[in-house]
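Scroll down for the structure; my scribbles are underneath it.
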Amino acid sequence: MKYFELDKEEKELLEEVERGEWKSVKNLAKEKRRLMQIAKNTLNKTRNINIRLSERTLYKLKAKALQEGIPYQTLASSILHKATQE
């Protein structure tokens, strides 16, 4: 079993639960599905960003994308996605 160090806020929340201050929602399974769908929809949104690159970097990115047979913006997005995965 893993043990984790709780921060102050987490300790306060745990104490509230232990004192019975939290109440379960009606139709818990349905509510969980609803909230999971909301979270999924929020996380799947794409956003436009502006990023400054040197011309040399942009040319290299476009050349690599051409080799891969994909649009350079798709390649850039893929690279950023991979770099931010845990």
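The values are calculated or read from the model by the stated rules, or taken from the named source; none is laboratory data. In this text, all values refer to a predicted model and were calculated from it rather than measured experimentally. For neighbour counting, all protein chains shown are included, and Cβ atoms are generated from backbone atoms with ideal geometry for every residue, glycine included.
Take residues that are among the small types (Gly, Ala, Ser) and out of contact with any helix residue (DSSP H, G or I) (no Cβ under 6 Å at 6 or more places or on another chain) and tell me which of the helices (runs of 4 or more DSSP H) falling wholly in region 1-81 contain 2 or more. Quick ask: steps written out before the conclusion?
Values: elements: 8-18, 28-43, 55-68.
The helices (runs of 4 or more DSSP H) meeting that bar are 28-43.
In region 52-78, which residue that is among the β-branched types (Val, Ile, Thr) and modelled with pLDDT under 95 is surrounded by the fewest Cβ atoms within 10 Å (Cβ to Cβ)? If you could, list the steps in order and put the result at the bottom.
Going residue by residue through region 52-78, those that are among the β-branched types (Val, Ile, Thr) are 57, 70, 74.
Within this subset, residues satisfying the condition of being modelled with pLDDT under 95 are 70, 74.
Working: 70: 13, 74: 11.
Of everything passing the filter in region 52-78, 74 is surrounded by the fewest Cβ atoms within 10 Å (Cβ to Cβ).
Given the structure, is residue 29 modelled with pLDDT of 90 or more, of a type in the set (Gly, Ala, Ser) and exposed (fewer than 10 other Cβ atoms within 10 Å of the Cβ)?
yes
Just to be sure, is residue 35 assigned by TED's automatic domain parsing to the domain that holds residue 78, modelled with pLDDT of 90 or more and of a type in the set (A, V, I, L, M)? Working first, answer last.
Numbers: assigned by TED's automatic domain parsing to the domain that holds residue 78: no; modelled with pLDDT of 90 or more: yes; of a type in the set (A, V, I, L, M): yes.
In short, no.
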Given the criteria basic (Lys, Arg) and under 24 Å from the mean Cα position of the chain (by Cα), does residue 62 qualify? no
